[in-house]
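*Asks:* Following this message is one structure expressed as structure tokens.
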Amino acid sequence: MNFDFSSIAPSIPFILKGIPVTLKIVSLSALLGFIWALLLALLKISQIKPLMWFADAYTSVFRGTPLLLQLILIYFGIPQLTGIEVDPYPAAVLAFTLNSGAYMSEVIRAGIMAVDKGQREAAMALGIPYYKMMKDIVIPQAMKNILPALVNEFITLTKESAIVTVIGVQDVMRNAYIVGGNTYRYIEPLIIAGMIYYVLVIILTFLGKWIEGRMRRSD
């Protein structure tokens, strides 16, 4: 099989137009997912049994089922159940947020539990309220410990974002498919898309290492 990138060269800018869409979905999902994950992690370490059971059950379901299935159920299921149409972009953000939150909640929970228990006991002995103890003492230390894992989750989310093409979001992968359909050459645009994702992952990896290095120097 011969590759002919010259035939799709004029369409490369069109494929590149999907990068902002991909980054918007990933960035918003990561931010909302982190907030949701932090709440789930706090529920998991709480002393209220129903909340602990809910958080554990939620994590089990979203970690135990494919992200693609969750995306399709949200995009097609919500209109069927409520009669309200859901646009592809919000559906993608919601699916990634719920899924990422389940994974990151375990990372955050482990990071919180890894903080020296004596610090929490000392804070309680000094009469520091629980929410202030978590906000000012425990969580900041936990974040430094779990930063590499959070960066890895962000990288994973970036690669998995390619599945939004199945619901019509015009990201990098969708645009590559469109170019393939127009030129009847699918391998070349998909290779270009793969190179774009690879470059994004490399940039995020270096950014994560830079942030981690800065945090270590600030200790």
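*Asks:* What pairs come up if the first residue lies in the range 146-167 and is open to solvent by less than 20 Å² (accessible area, probe 1.4 Å), the second is among the charged types (D, E, K, R), and their beta carbons are under 8 Å apart, counting only those six or more places apart or on different chains?
*Replies:* Pairs that qualify, where the first residue is open to solvent by less than 20 Å² (accessible area, probe 1.4 Å) and the partner is among the charged types (D, E, K, R), are Ser161/Asp171; Ala162/Asp171; Val164/Asp171; Val164/Arg174; Thr165/Asp171; Thr165/Arg174.
*Asks:* Might you let me know whether the range 105-122 holds any residue that is at pLDDT 85 or above, out of contact with any strand residue (DSSP E or B) (no Cβ under 7 Å at 6 or more places or on another chain) and farther than 24 Å from Ser60 by Cβ?
*Replies:* no
*Asks:* Residues that are polar (S, T, N, Q) and within 27 Å of the chain's Cα centre (by Cα): which helices (runs of 4 or more DSSP H) entirely in the range 113-219 hold 3 or more of them?
*Replies:* 139-160
*Asks:* Ser11: of a type outside the set (Phe, Trp, Tyr) and free of Cβ contacts under 8 Å to residues at least 12 places away in the same chain, yes or no?
*Replies:* no
*Asks:* Only residues that are farther than 17 Å from Ser11 by Cα, out of contact with any Ser or Thr (no Cβ under 9 Å at 6 or more places or on another chain) and open to solvent by 20 Å² or more (accessible area, probe 1.4 Å): list them for the range 175-212, please.
*Replies:* Tyr198, Val199, Ile202, Ile203, Thr205, Phe206, Leu207, Lys209, Trp210, Ile211, Glu212, listed by residue number.
*Asks:* On to the next question. Applying the selection to the range 57-82, what residues are under 13 Å from Ile163 (Cα atoms) and in a helix (DSSP H, G or I)?
*Replies:* Hits for the range 57-82 are Leu67, Leu68, Leu69, Gln70, Leu71, Ile72, Tyr75.
*Asks:* Could you list, in sequence order, all residues of the range 18-49 that are among the hydroxyl-bearing types (Ser, Thr, Tyr) and at pLDDT 90 or above?
*Replies:* Of everything in the range 18-49, those that are among the hydroxyl-bearing types (Ser, Thr, Tyr) and at pLDDT 90 or above turn out to be Thr22, Ser27, Ser29.
*Asks:* Between Arg109, Arg63, which is touching a residue at least 12 places away in the same chain (Cβ under 8 Å), under 22 Å from Ile25 (Cα atoms) and of a type in the set (Lys, Arg)?
*Replies:* Selected residue: Arg63, the only one of Arg109, Arg63 that is touching a residue at least 12 places away in the same chain (Cβ under 8 Å), under 22 Å from Ile25 (Cα atoms) and of a type in the set (Lys, Arg).
*Asks:* Restricting to the range 46-94, count the residues that are of a type outside the set (A, V, I, L, M, F, W, C) and in contact with a Lys or Arg (Cβ under 9 Å, 6 or more places away or on another chain).
*Replies:* Of the residues in the range 46-94, 3 are of a type outside the set (A, V, I, L, M, F, W, C) and in contact with a Lys or Arg (Cβ under 9 Å, 6 or more places away or on another chain).
*Asks:* Just the residues that are open to solvent by 60 Å² or more (accessible area, probe 1.4 Å) and not in a helix (DSSP H, G or I), please, taken from the range 30-50.
*Replies:* Gln47, Ile48
*Asks:* Of Asn182, Asn175, Asn152, which residue is farther than 20 Å from Asp4 by Cα and not β-branched (Val, Ile, Thr)?
*Replies:* Step by step, each of Asn182, Asn175, Asn152 is checked, and only Asn152 is farther than 20 Å from Asp4 by Cα and not β-branched (Val, Ile, Thr).
*Asks:* Go through the range 7-26 and count every residue that is open to solvent by less than 60 Å² (accessible area, probe 1.4 Å) and assigned to a helix (DSSP H, G or I).
*Replies:* Final tally of qualifying residues: 11.
The values are calculated or read from the model by the stated rules, or taken from the named source; none is laboratory data. Keep in mind it's a predicted model, so treat the numbers as computed, not measured. Positions of Cβ are backbone-derived with ideal geometry, glycine not excepted, and every protein chain shown enters the neighbour counts. Only protein heavy atoms, including side chains, enter the accessible area calculation; ligands, DNA and RNA are left aside. Shrake-Rupley method; radii C 1.70, N 1.55, O 1.52, S 1.80 Å.
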